[in-house]
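Okay, structure first, notes after.
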Amino acid sequence: MQAFIRTLLAFDPAQKDAEGGILGVVKSYFGCVEAQGRGSLHCHMVVWVEGGLNPNEMRERIRGDTTAEFQRRLLAFLDDTISTSMPPLPEGYTEPSSPLPHPCSVRGLTPEERNSDVAEQLAAVDLHHVVAACQKHVHSNTCYKYWKGKGHAKECRFDLDEGNVCLESTIDPETGQICLRCMDGMINNFNDTVIQAMRCNMDIKFIGNGQDAKAVLMYITDYITKSPLKAHVSYAALEVALTRLSRFDGTLTDVAQRARRTLQRAAFALVAQQELSAQQVASYLLDLEDHFTSHSFNNLYWTGFERYLDSLDPSPECAFIPATQYAAPDSPDAQTAAERVEDLADQQPHDESVHDGVDEYDEQLDSMNAVDEVGVTTSRTGELVPLANQLYDYVYRAPELDRLTLWDFVSRTKKEGKS
């Protein structure tokens, strides 16, 4: 994947490469690795290209394109980038009598073949075989797993059908909807260069309108949040966990320690029932990436901020809050704003203000109810380091940062220790 990003996408973090890769100049990307039912790993990636317009800008640009020049250039780019038909074999080519190896098991053209006089013809033959093996769809029972039975249309859930043919790419000037040409309804979209280099099944789609953007966001969110355990496996794992929880350990007398041990047993029992493919296990053991991103992201621990805001202005829709906790301003039990900040900040995940490992420490604490037992930690050199958190940082930020919203403060600022 790193070779794909570096060579085919030609992503340049310094943004100095004006030529770009197969999709143009890439501004950013985000990819997530997932294991399919067979266990093989694949990556879902969203790529942002320099000059790309958001759906609203795209629609306005198309509506204002009186000469249709922008539409022509856009469709020419998409037709050149996305292929939707079986590449033809060179004229006069005949298949050899002996069986050929699977095209995904070989690297394609050798250096000698690439430098030969028939390199173009050999590349065309190789592309044809790779697309035929990887992109040509054959209907199976999986295609109709959501079919409701007789009386309902039996359609392939991948929307691949012999009748899905469109001879010319078009754009609806009113809605901005783009319909790419499709010469073969049983061929999944692909890019010539990517499939020849990666030699595996692929898909590629242009997100040019709001409907497509919403569909992709829904697809990505569904993949990120879905459970790795199937329903029947989850129930079986839960049964095993409950059986183990019923075992009493008489050596533990402390209630808190017994509760922690019980939770550990339940968690271990669930994890032990999870099926992992050899590829997943190898990926974990080799510490390979499970996601690829061009940018770094900061975590926003919203729960503590929400509690703080609710303490300043309690909402009737929220859970009941004892009256003594937020007494009248003139009451002896009343808290100042600073005291409320300190109390709520103590319940929020902490990060280390002057050394690395912020995220690792934060993730180990419960963002809802954790009460810190210590207020210091140690740096890599063994020195004591005071702890701080986002709520402290934002509420007590410098006057120069007063105009920053919470979102901008978290995403645009970086905390560094004093030397």
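The values are calculated or read from the model by the stated rules, or taken from the named source; none is laboratory data. What you see is a predicted model, and the numbers here were worked out from it, not measured in a lab. For neighbour counting, all protein chains shown are included, and Cβ atoms are generated from backbone atoms with ideal geometry for every residue, glycine included.
The lone criterion from (1) surrounded by 12 or more Cβ atoms within 10 Å (Cβ to Cβ); (2) more than 28 Å from I171 (Cβ to Cβ) left unmet by Q15 is number (1). Considering L41, L53, the condition of being surrounded by 13 or more Cβ atoms within 10 Å (Cβ to Cβ), modelled with pLDDT of 90 or more and under 27 Å from the mean Cα position of the chain (by Cα) is satisfied by L41 alone.
Residue-by-condition table, conditions (1) among the hydrophobic types (A, V, I, L, M, F, W, C); (2) closer than 26 Å to N164 by Cβ; (3) not assigned by TED's automatic domain parsing to the domain that holds C166:
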{"site": "P90", "(1), (2), (3)": "no, no, no"}
{"site": "P103", "(1), (2), (3)": "no, yes, no"}
{"site": "V106", "(1), (2), (3)": "yes, no, no"}
{"site": "L122", "(1), (2), (3)": "yes, no, no"}
{"site": "H129", "(1), (2), (3)": "no, yes, no"}
{"site": "A132", "(1), (2), (3)": "yes, yes, no"}
{"site": "H139", "(1), (2), (3)": "no, yes, no"}
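With the condition kept exactly as written, say whether any residue in segment 90-107 is touching a helix residue (DSSP H, G or I) at 6+ places or on another chain (Cβ under 9 Å), aliphatic (A, V, I, L, M) and closer than 16 Å to D203 by Cα. No; the residues of segment 90-107 include none that is touching a helix residue (DSSP H, G or I) at 6+ places or on another chain (Cβ under 9 Å), aliphatic (A, V, I, L, M) and closer than 16 Å to D203 by Cα.
As a summary of the residue check, D79 satisfies the conditions (1) within 18 Å of the chain's Cα centre (by Cα); (2) surrounded by 12 or more Cβ atoms within 10 Å (Cβ to Cβ); (3) within 30 Å of A133 (Cα to Cα) except for the one numbered (1).
Listed here are the residues, each with its yes/no results for (1) touching a residue at least 12 places away in the same chain (Cβ under 8 Å); (2) assigned by TED's automatic domain parsing to the domain that holds L160; (3) not in a strand (DSSP E or B).
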{"site": "F4", "(1), (2), (3)": "yes, no, yes"}
{"site": "T7", "(1), (2), (3)": "yes, no, yes"}
{"site": "G31", "(1), (2), (3)": "yes, no, no"}
{"site": "V47", "(1), (2), (3)": "yes, no, no"}
{"site": "E60", "(1), (2), (3)": "no, no, yes"}
{"site": "D65", "(1), (2), (3)": "yes, no, yes"}
{"site": "A76", "(1), (2), (3)": "no, yes, yes"}
{"site": "D79", "(1), (2), (3)": "yes, yes, yes"}
{"site": "T94", "(1), (2), (3)": "no, yes, yes"}
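For segment 159-180, which positions are in a loop (DSSP other than H, G, I, E, B) and loosely packed, with under 13 Cβ neighbours inside 10 Å? Listed by number, the residues that qualify are D159, E162, G163, L167, E168, D172, E174.
Of the helices (runs of 4 or more DSSP H) contained entirely in segment 271-351, those carrying at least 1 residues that are within 28 Å of F11 (Cβ to Cβ) and either in contact with a Leu (Cβ under 8 Å, 6 or more places away or on another chain) or modelled with pLDDT under 55 (or both) fall at 278-285. Of all residues in segment 181-222 being small (G, A, S) and closer than 22 Å to L9 by Cβ, which is surrounded by the fewest Cβ atoms within 10 Å (Cβ to Cβ)? So, considering only residues that are small (G, A, S) and closer than 22 Å to L9 by Cβ, the one surrounded by the fewest Cβ atoms within 10 Å (Cβ to Cβ) is A213.
Condition first: surrounded by 12 or more Cβ atoms within 10 Å (Cβ to Cβ) and on the phi > 0 side of the Ramachandran plot. Can you find one or more residues in segment 140-147 that meet it? No: segment 140-147 contains no residue that is surrounded by 12 or more Cβ atoms within 10 Å (Cβ to Cβ) and on the phi > 0 side of the Ramachandran plot.
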